[in-house]
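All remarks here apply to the structure that follows.
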Amino acid sequence: MASPADATGAVPLDLASQSGDPAWPQTYARWRHRVGAALGTAALGIEHVGSTSVPGLAAKPIVDIQVSVADLADELRYVPQLEKAGLVLRSRDELHRYFRPPAGQPREVHVHVCAAGSQWERDHLLFRDYLRADPAACRRYAEAKRANIRRWSDDGWAYTEAKTSVVLDVLEQATDWARSRTGRPHRLLTSSPVRCGDRGQQSTAILVGIPPSALAERCRVRMRRE
């Protein structure tokens, strides 16, 4: 789940550049080993998330890795270690920390550190598992992203805002899907990947880049309904 805009402002969109590159799982495996070796037991979970984690889903060629830690505020447990592994802390908010390779290095990976058991952790994993398990949902998501890419191909910030509603709607569908499978809306599932979409479909990452306030508000609305 890479964001089309970083902490300093919008960047040019190249969100439809590749479709289901078989190198993405290899990139994830390589960086997972590096991150895991750097963090040791501080990393309670390391997961491949975002569009590159869903086989067959088009995305820009940046692999998103989610790292879960016991205490997000305890940055001494993970920031220096990730910096030694070749990453730079680019932004922080109350929900996560965002790292990427330094300027001048290939930007093939984004690393997102979150608290274990948090809503952030759950949402990214649930979204990924839902798109892996439901090809129809994956196609709808890709088609909506393609429409937004056509409209906002030169404006990263506008694209981010346009995708927020789409992503949150799919997240609600994913929550219903999880409930139908488990009887509980917040239990994470492990789903076998399936190929998704036709060749040439466009998509980007999932939740990264959505303002935390927008996601929190949608969650509050959802909880009131329940």
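Laboratory data are not the source of any read-out in this text; all were calculated from the coordinates shown. Since this is a predicted model, take the numbers as computed values, not measurements. Glycine gets a Cβ as well: all are built from the backbone with ideal geometry, and neighbour counts include every protein chain shown.
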Practice prompt. Note down the nm distance, to one decimal, between modelled labels 7 Å out along Cα→Cβ at GLU83 and at ASP169.
Written response: 4.3
Worksheet entry | Equivalent ellipsoid, region 28-181 (semi-axes from 5 times Cα gyration tensor eigenvalues, Å) | 27, 19, 14
Item to complete: For GLN119 and ARG181, compute 0.36 nm times the residue count separating them, minus their Cα-Cα distance, and round to one decimal in nm.
Response: 20.4 nm
Worksheet item: Which GluC sites (Glu not before Pro) from region 61-136 combine a DSSP loop assignment with at most 12 other Cβ atoms within 10 Å?
Response: GLU94
Worksheet item: What are the extents of the Cα atoms of region 16-118 along their three principal axes, listed from largest to smallest and rounded to whole Å?
Response: 37, 32, 25
Worksheet item: Which order results if VAL88, VAL49, VAL54 are arranged by neighbouring Cβ count within 10 Å, fewest first?
Response: VAL88, VAL49, VAL54
Worksheet item: Roughly how many Å is it from the Cα centre of region 114-155 to that of region 62-98, as a whole number?
Response: 22
